[in-house]
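*Asks:* This is the structure I want to talk about, given as structure tokens.
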Amino acid sequence: MKTRTNNMLKASIAATAVMVVLAGCSTASDSGPQPEKDAPKDLSGNISVWWSQSDREADEARTALEGFKALYPNVKVTYHDGQSDEQIAKAIATNADIDIAISSGPDSLGTFCTSGAFVDLAPYMKRDKVDMSVFSGAAKEYTQLNGEQCSLPWLNNAYGLYYNTDLLASAGVTEPPKTFSELEDLALKLTTYNADGSIKTLGFNPLMGFYESLPPQWMGTVNASWMPKGEASFSTDPAWAKLMTWQKDFIDKIGYDKLQAFTAGLGDEWSADQAFETGQIAMVLDGEWRVAFIQDQAPGIAFKTAPMPTADDNADAYGAGYVSGSTAGLTRASRNPEAAWAFLKYATMDTQALVTAANLLKNMPSTEASRTSPDLTLPEASDTFLHIVSNPYSVTVTPALSGSAVGESVLKFMQQFQAGDVSNLQEGLTKLDSDIMNAIELSK
């Protein structure tokens, strides 16, 4: 399950578009469809599910959800594949045929919730005695906004380090790096150059924005905070400056221009030309779904996975990581809300459906029952991510009113600093905090 587009800028533009599209929708106080007093015993009719899944992933996801037909034979489910958050927002705003929307991540959830595009699920959950305690820890955080449970998690994403065992073995290394110092030393050792000095193969790419190398994915490595109590604190939390300083020093040892030129020539993240799959990069930060992509696109590559290395003085956090996932909501445009709610419950809470989805997609199950099910048969490379999801020190990002604007602002600043365009890091971080808070005020 892919969680973002090819770059964060596209995601930010899309999130802004979602806000614009839904600006005219009713507010969350106009709560949309309401549950019947008692859950209907017989359900029928049609429901329409819009989701980001496409191609192989869409086929596998549909296979995992086939059990819904046996439970509700009179309900016909139609799937709309490859739908972006902007397309979902337009469908809801125009009252199109869309009952369930499954977004690839929580970036737009703040807007979906506050606009009323996703209805508050609390009345349905209370009636049917659904308790959020069935879900794994992080999933409880990234599926709600300010206490309103306007979505449920459908599978988890976790992020760690993929490493090419053949390339590491060529350098006499058998174990993955666990600290920043070890990662940097090994990456420099594994980097090779052409006769003209340009990069031939890279040990690890420290450039922010490369594939899944985004600010939230790094925050646990340095024990950094993310918008505590809704306040930007990137200038007052020293962990961010520490992370950025280490990255900049790492980049300078290779050369920023060389890294940029090398990165520009690498394949698309979702194609068979992805740089780790082709052997152009020895180690990469990526999500758990990469296991399935490697099996499909590069089955011959020898690789293993591990938690992301941590800052040298944050070694106790090794083993944890960043956790996110898809968010599934019942839309205010639903023409068959009870059947849609039944589907939402099944997709997000049925143990066998989640286990089947995880086995096929190589995503992480989002309930405790599915995560510990004996029917879960993920490959060994997925064990890293199962442990990250269950690690109490793993971190996530709660949805914001401004959508993905916070993440995009932080990413842009980090990229400017890496390029050498920020003369004073502390002053720059202070301005970043101010800009973020101003953007949040404008979004209210």
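Nothing in this text is a laboratory measurement; each read-out follows from the coordinates by a stated rule. Treat the numbers as computed from the prediction; the structure is a model and nothing was measured.
*Asks:* Per residue, what volume in Å³ does the convex hull of the Cα atoms of segment 235-337 enclose?
*Replies:* Roughly 222 Å³ of hull volume per residue.
*Asks:* What value, in deg cm²/dmol to 500, does the helix sum -39500 (n - 2.57) over DSSP H runs of n ≥ 4 give at 222 nm once divided by the residues of the chain?
*Replies:* Values: 20 runs with 183 residues, N = 444.
It lands at -11500 deg cm²/dmol.
*Asks:* Here is a follow-up. Only bridges with both residues in the chain count here: give the DSSP antiparallel percent, nearest 5. Let's see the in-between values first.
*Replies:* Values: 25 of 39 bridges.
Counting DSSP beta bridges with both partners in the chain, the antiparallel share is about 65 percent.
*Asks:* Multiply the residue gap between Asp383 and Ala122 by 0.36 nm, knock off their C-alpha separation, and tell me the result in nm, one decimal place.
*Replies:* Details: separation 261, 0.36 × 261 = 93.96 nm, distance 3.35 nm.
Contour length minus Cα-Cα distance gives 90.6 nm.
*Asks:* If eta is 1.002 mPa s and T is 20 °C, what Stokes-Einstein diffusion coefficient results for the chain, Kirkwood Rh from Cα pairs, in µm²/s? Show your work: numbers first, answer last.
*Replies:* On the way: Rh = 22.5 Å.
Answer from the Stokes-Einstein relation: 95 µm²/s.
*Asks:* Still on this structure, I have one more. Taking amide H atoms as placed 1.01 Å from N in the peptide plane, list the residues 5 or more away in sequence, or in a different chain, whose amide H sits under 5 Å from that of Gly45.
*Replies:* The list, which skips near neighbours in sequence, is Lys76.
*Asks:* Using only C-alpha atoms and all pairs of different ones, pull out the Kirkwood radius for segment 330-444 in Å with one decimal.
*Replies:* So the Kirkwood estimate lands at 18.1 Å.
*Asks:* Kindly identify segment 180-307 as rounded, prolate or oblate by the Cα gyration tensor criterion: order the square roots of the eigenvalues as a ≥ b ≥ c, call it rounded if a/c is under 1.5, otherwise compare a/b with b/c, prolate if a/b is larger, else oblate. Don't skip to the end; give the middle numbers.
*Replies:* Values: a/c = 2.13, a/b = 1.36, b/c = 1.56.
Cα axes put segment 180-307 in the oblate bin.
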